[in-house]
Amino acid sequence: MTDPLVGRRIRLIAMPDDPAPIPAGTTGTITAVNRLTDFMQLHVNWDINRSLMLSVPPDLYELL
């Protein structure tokens with residue numbers, strides 16, 4: 001069963017712990033979701049031709 005977030009569009013609010021973060025305000029599409037015990041990982045294809053996973057928390061995003 002596919003996670004309901006897969007295919008959703010998002011906008012990044014903050015990525016505080018990444019050494020090469022995606023810029024805040026960048027939009028992208030969620031391609032996969034790993035729901036773990038106390039956080040989740042969102043695999044994202046960003047509109048700036050980059051793929052980078054979010055770890056939530058600490059990363060913040062909004063659904064579009």
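Each value in this text was obtained by applying a stated rule to the coordinates, not by laboratory testing. These figures come from a predicted structure and were not determined experimentally.
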Item to check | Under Karplus coefficients 6.51, -1.76 and 1.60, residue-wise ³J(HN,Hα) of segment 34-39 in Hz, glycine/proline x | outcome: 10, 9, 10, 4, 10, 7
Next on the checklist: Can you give me the long-range amide H partners of VAL44? Hydrogens built in the peptide plane at 1.01 Å from N, cutoff under 5 Å, separation of 5 or more residues or another chain.
Outcome noted: THR31, LEU52, MET53, LEU54
Item to check | Cα gyration tensor category, rounded, prolate or oblate, for the chain with a/c compared to 1.5 | outcome: oblate
Checklist outcome for this item: For segment 50-64, Karplus-derived ³J(HN,Hα) couplings (6.51, -1.76, 1.60; θ = phi - 60°; whole Hz; x for glycine and proline) come out as 9, 10, 7, 7, 9, 10, 10, x, x, 5, 10, 8, 10, 6, 9
